[in-house]
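The values are calculated or read from the model by the stated rules, or taken from the named source; none is laboratory data. Just so it is clear, the model here is predicted, and its values are computed rather than measured. Reconstructed Cβ throughout: ideal geometry from the backbone, glycine too, with neighbour counts over all protein chains shown. These area figures cover heavy atoms from the full protein model, side chains too; ligands, DNA and RNA do not enter into them. Shrake-Rupley method; radii C 1.70, N 1.55, O 1.52, S 1.80 Å.
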Amino acid sequence: MRRLIAYLVRFAVILAGYVVASLSASAFLNILFLAHLGYTPANPEPTATASLYFSVPFVALFVAYFAFMPAAVVILIAEALGRRDWLFYALAGAVVAGIFLGFVHETGDANFDITETNARLAVIGSGMIGGIFYWLAAGRWAGSWRREALPDLEA
């Protein structure tokens, strides 16, 4: 019974980590977009900063949707291997973003094509940020479900 509870808790932590990773990648993309348009912290626009409250969670839905399958594979590999270093998750986030860019290229949809180098680098950078934030939320305890339970001292 303890094992089942440990598995369910770990699954909840992984799910929460994925949500945190999606939100952080979205926030990074939004901030890069605003910086590209010329908004700076020294000269904040009230409408631009207020729009982040809506656009960050909204874009996070798309980030989570498009990155789900490659991220699930990476998370399974990390859990099986017990990888707990931040660099693994940062590079894995870049790989997930690269796989997303490959899918976008293969679809051939003119409305959804990312051709600019800066846009591609922004997507890869957001994948790395998402990977690092996943590590902060859940990756530091990867493989913890495989450990044996501590002995009960009262028995």
Q: Would you be able to tell me the number of residues in the range 102-150 that are at pLDDT below 75, over 24 Å from N30 (Cα atoms) and assigned to a helix (DSSP H, G or I)?
A: 3
Q) Only one of these conditions is not met by A48: (1) modelled with pLDDT under 95; (2) hydrophobic (A, V, I, L, M, F, W, C); (3) within 15 Å of A122 (Cα to Cα); (4) open to solvent by less than 40 Å² (accessible area, probe 1.4 Å). Which number is it? A) (3)
Q | Any pair with Cβ under 6 angstrom, 6 or more apart, that starts in the range 78-93 at a residue that is more than 14 Å from G130 (Cβ to Cβ) and ends at one that is open to solvent by less than 90 Å² (accessible area, probe 1.4 Å) | A | E79/A142; E79/G143; G82/A142; G82/G143; R83/A142; R84/A142
Q.
Condition check: at negative phi, open to solvent by less than 100 Å² (accessible area, probe 1.4 Å) and modelled with pLDDT of 95 or more. Does A6 satisfy that?
A. no
Q: Taking L52 as meeting all but one of (1) closer than 25 Å to R140 by Cβ; (2) part of a helix (DSSP H, G or I); (3) touching a helix residue (DSSP H, G or I) at 6+ places or on another chain (Cβ under 7 Å), write down the number of the exception.
A: (1)
